[in-house]
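Participant: Sharing a structure, written as structure tokens. Questions coming.
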Amino acid sequence: MKTLPPWTAPLRDWQQRALTAVQSHQTADFLAMATPAAGKTRFALRIAHEFLSRGAAVRVLVVCPTNHLRTQWSEAAGKIGLQLDPALTNDQANEASDYHGAVVTYQQVSLAPAIFQRTCTGKRTLLILDELHHAGDGKHWGKALRTAFDSAVFRLILSGTPFRSDNNPIPFIRYEQGESHADFAYGYTEAIKDSVCRPIVFPSYEGELTWLSDGREHTATFEDGLKFDLQRERLKTALLQETWLGPVITDAHKQLTRLRKEEQADAGGLIVAMDQDHARWVSELIGKITGTKAVVAVSDDPGASRTIASFSDHKTQAWLVAVNMVSEGVDIPRLRVGVYGTNVLTEMYFRQVVGRFVRMQDGMPKPQRAWLYLPKDPILVHYARQIKAERDHVLEDIMPAGQRDLFGRITVSSTKEYMPLNAVAKLDSLIGEEDPRGEGGGVVAGDIAVSLHEQKLDLRDTHRLLVASVARKTGVDHRRLNAELIARTGGRVDQATTEQLQKRIQLLERWQEKGYDGKR
């Protein structure tokens, strides 16, 4: 094995504290949760360097979600003298002797856990599990990981956000009330105060949307209360119509142009699209609106990793359009402006996309604000308000699992007719800590208090979604539920105190989990 040079890279305060926590840890599993862009990779490499230097391990194995991240891990490790093979195949089993270890994917491990088990047993291995929640994608993945790596000398687990066990508890994780329990946590609030992450603003867009579904024409704004299937169709209508997405891209491009002129000449923009066809259409729309060519990266393209790397390096390119390529670990620090143009509605995915824009850069004027333009879909707005409020906890996921993913791939009957007809966008509000126009000023350390009005808006959004969810699940009419909530909490929702709203939410969560009992 190659010799390992001394560690010289500086550590941030949180990384040093996390290193100390690992050094005093008593078990073989350590879960470190740090907000996206905080520097989890360098922290993990510091742990790897220490284990190898003192002989606690003789090799390092990193397991990550994608092939693109294999290369990224290898390059990051190489900069500090730690050599990891990013191209190890299951046929090889062992990396060449001039490497300190390797980087593989979760899919590789699930296909041949016994191969990894033999190597891990034969050589003292430090295991780094990057974004381990991917092991919850299927029961066989979790079982394969336990088979392969039960004999590792230490398992360092990295995640950007807390995750839930759902029906498939993930191996090597401790859970408390169904949610992962971190041995060390570093949140977005701390990262902003430490100037590790940028503050982000969410311009949200309304609009009147019209679509055809099951032979009926529907017209609604994002403010209108709809059943969940119609909510999904409303969001998809916005994202598929040039008359809605066009003005949003126009505003985002104006913001990016201002940044490139006044603050950061190489500032970049990212639009996360629904699928390959949508990405290419969005790219054409960008060209039509801005006169510039957007780069497209889709996960099924074997050259997608090279495309992203090229965009990261070519400072003159303004826009990247991507599908399922930038949710985790992709490091393009110059990204400052984004458009959430996908219909994925899970909180974890939303937060991962946000993470692409919040990495601070040296030599740039602070606070280095970033912007993510959104449809004013109530679920997305709810997530944005949570991030704005700097919350440390993750709310209960209130939508059935089958209804949280891509449109057209779940729960919708194949015989159901749907056609977007028209959509017109209108800037509605800015969700963020900045000056209302998003220009000038900045986030003052400690000035992150949330007004009572904003707290109530957040609670009422949660309340409204829970009422709809309970009504669907139990078959109890909305009016009956609201009457019962008034009787139990002492007031109507529009006149409720925060305490009353929280009590309403607790009742609704209980009814959602155990059913409506009608008892007091």
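Participant: If I filter the range 464-481 for residues that are farther than 26 Å from Gln231 by Cα and surrounded by 13 or more Cβ atoms within 10 Å (Cβ to Cβ), do I get at least one hit?
Facilitator: No, the range 464-481 has no match at all.
Participant: I'm told Ser53 meets every condition in (1) out of contact with any Gly (no Cβ under 9 Å at 6 or more places or on another chain); (2) farther than 27 Å from Thr121 by Cβ except one. Can you identify the failing condition by its number?
Facilitator: All conditions are met except number (2).
Participant: Among the listed residues Arg369, Arg334, identify the single one that is out of contact with any Ser or Thr (no Cβ under 9 Å at 6 or more places or on another chain) and in the same structural domain as Ser312 (by TED's automatic domain parsing). Lay out the reasoning, then the answer.
Facilitator: Details: Arg334 fails: out of contact with any Ser or Thr (no Cβ under 9 Å at 6 or more places or on another chain).
Of Arg369, Arg334, the one residue that is out of contact with any Ser or Thr (no Cβ under 9 Å at 6 or more places or on another chain) and in the same structural domain as Ser312 (by TED's automatic domain parsing) is Arg369.
Participant: Taking Ser180 and the conditions (1) crowded, with 21+ Cβ neighbours inside 10 Å; (2) modelled with pLDDT of 80 or more; (3) over 23 Å from Cys120 (Cα atoms), which numbered condition does it fall short on, given that it satisfies the others?
Facilitator: (2)
Participant: Just one of Ala57, Ala38, Ala34 is buried (at least 20 other Cβ atoms within 10 Å of the Cβ) and modelled with pLDDT of 95 or more; which is it?
Facilitator: Being buried (at least 20 other Cβ atoms within 10 Å of the Cβ) and modelled with pLDDT of 95 or more holds for just one of Ala57, Ala38, Ala34, which is Ala57.
Participant: Among (1) within 21 Å of Ala9 (Cα to Cα); (2) in contact with a strand residue (DSSP E or B) (Cβ under 9 Å, 6 or more places away or on another chain); (3) not in a helix (DSSP H, G or I), there is one condition Phe43 misses while meeting the rest; what is its number?
Facilitator: (3)
Participant: To continue, here is another question. Arg280 is checked against (1) more than 24 Å from Gln361 (Cβ to Cβ); (2) of a type in the set (Lys, Arg); (3) at pLDDT 90 or above; (4) buried (at least 18 other Cβ atoms within 10 Å of the Cβ) and fails just one. What number does that condition carry?
Facilitator: (4)
Participant: Turning to a different aspect of this structure: Name the residue, out of Arg54, Arg70, that is out of contact with any helix residue (DSSP H, G or I) (no Cβ under 8 Å at 6 or more places or on another chain) and either more than 30 Å from Asp362 (Cβ to Cβ) or of a type in the set (Gly, Ala, Ser) (or both).
Facilitator: Arg54
Participant: Checking the conditions here, which among Gly207, Gly215 is surrounded by fewer than 21 Cβ atoms within 10 Å (Cβ to Cβ), modelled with pLDDT under 90 and over 30 Å from Met364 (Cβ atoms)?
Facilitator: Gly215
Participant: Thr250 - would you say it is surrounded by fewer than 16 Cβ atoms within 10 Å (Cβ to Cβ) and in contact with a helix residue (DSSP H, G or I) (Cβ under 7 Å, 6 or more places away or on another chain)?
Facilitator: So Thr250 fits the description; yes.
Participant: Would you pick out the residues in the range 75-88 that are closer than 21 Å to Asp301 by Cβ and not charged (D, E, K, R)?
Facilitator: Pro86, Ala87
Participant: Let me ask something else. Condition (residue is at pLDDT below 90 and within 19 Å of Ala32 (Cβ to Cβ)) applied to the range 115-132: is it met by at least one residue? So that I can check it myself, show each step before the final result.
Facilitator: Our first condition is that a residue be at pLDDT below 90; within the range 115-132, this holds for 131-132.
Applying the additional criterion that residues be within 19 Å of Ala32 (Cβ to Cβ) yields 131-132.
Yes: one or more hits.
Participant: Just checking, how many residues over the range 327-356 are within 14 Å of the chain's Cα centre (by Cα), modelled with pLDDT of 80 or more and farther than 24 Å from Leu240 by Cα?
Facilitator: 1
Participant: Being at negative phi, without any contact (Cβ under 8 Å) to a residue 60 or more places away in the chain and either β-branched (Val, Ile, Thr) or not assigned by TED's automatic domain parsing to the domain that holds Cys120 (or both) narrows it down to one of Thr35, Thr71, Thr8, Thr20, so name that one.
Facilitator: Thr20
Participant: Hey, another quick one. Could you tell me whether the range 213-232 includes any residue that is more than 24 Å from the chain's Cα centre (by Cα), assigned to a strand (DSSP E or B) and within 25 Å of Thr290 (Cβ to Cβ)?
Facilitator: No: the range 213-232 contains no residue that is more than 24 Å from the chain's Cα centre (by Cα), assigned to a strand (DSSP E or B) and within 25 Å of Thr290 (Cβ to Cβ).
Participant: Still on this structure: Go through (1) buried (at least 17 other Cβ atoms within 10 Å of the Cβ); (2) part of a helix (DSSP H, G or I); (3) in contact (Cβ under 8 Å) with a residue 12 or more places away in the chain for Tyr516 and report which single condition fails.
Facilitator: With respect to (1) buried (at least 17 other Cβ atoms within 10 Å of the Cβ); (2) part of a helix (DSSP H, G or I); (3) in contact (Cβ under 8 Å) with a residue 12 or more places away in the chain, Tyr516 is out only on (2).
Participant: Note down all Cβ pairs under 9 Å where the first residue falls in the range 93-117 and is more than 13 Å from Arg59 (Cα to Cα), the second is assigned to a helix (DSSP H, G or I) and acidic (Asp, Glu), and they're at least six residues apart or on different chains.
Facilitator: Tyr106/Asp137
Participant: Something else about it: Taking the options Ala191, Ala267, Ala220, name whichever one is outside the structural domain of Pro378 (by TED's automatic domain parsing) and either surrounded by 23 or more Cβ atoms within 10 Å (Cβ to Cβ) or more than 20 Å from Leu335 (Cβ to Cβ) (or both).
Facilitator: Details: Ala267 fails: outside the structural domain of Pro378 (by TED's automatic domain parsing); Ala220 fails: outside the structural domain of Pro378 (by TED's automatic domain parsing).
Matching residue, one of Ala191, Ala267, Ala220: Ala191.
Participant: Tell me whether the range 234-245 contains one or more residues that are among the β-branched types (Val, Ile, Thr), modelled with pLDDT of 90 or more, surrounded by fewer than 15 Cβ atoms within 10 Å (Cβ to Cβ) and over 24 Å from the mean Cα position of the chain (by Cα).
Facilitator: Yes, the range 234-245 has at least one match.
The values are calculated or read from the model by the stated rules, or taken from the named source; none is laboratory data. Everything numeric here is computed off the predicted structure, so don't read it as measured data. Neighbour counts run over all protein chains shown; Cβ positions are idealised from the backbone, glycine included.
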